[in-house]
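Asks: Got a structure here, written out as structure tokens. Questions coming.
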Amino acid sequence: MTLASQRLDSKVQAFRTRKETIKATYTAAEAQTRINEAFSGISEEMGDVGLAIQRAEDKTAQMQARAGAIDELLASGRSRTMSAQPGPHPGGAGQARCQHRDRVRAGADEG
């Protein structure tokens, strides 16, 4: 009977130890999950910031390319206009550029 009682006590103690180990492991896993979720949220926000910066850089590059293309068109158009009309251009290059940009924008709005 004493031997059976000792075995039972030993099993109960082993159960308690195992229960505490599982409980501690669960708490650690839960904490790790919360930490990972917090960092994940931060990384998502940083990713969003990175995407916003990339979009801004892309828009800037597109606008620079567009401005360069318009300048090339104006330069080729101005040379033809100036050769067709001797003397200084009445409105100056600035007016021609604005008129051309307005025509380009109007064409873009139609398409």
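Asks: Out of curiosity, is ALA69 surrounded by 10 or more Cβ atoms within 10 Å (Cβ to Cβ), in a helix (DSSP H, G or I) and among the small types (Gly, Ala, Ser)?
Replies: yes
Asks: Considering every residue within segment 41-50, establish whether at least one is modelled with pLDDT under 75, outside any helix (DSSP H, G or I) and surrounded by 10 or more Cβ atoms within 10 Å (Cβ to Cβ).
Replies: No: zero hits.
The values are calculated or read from the model by the stated rules, or taken from the named source; none is laboratory data. Treat the numbers as computed from the prediction; the structure is a model and nothing was measured. Here Cβ is always computed from backbone atoms with ideal geometry, including for glycine, and neighbour counts include all displayed protein chains.
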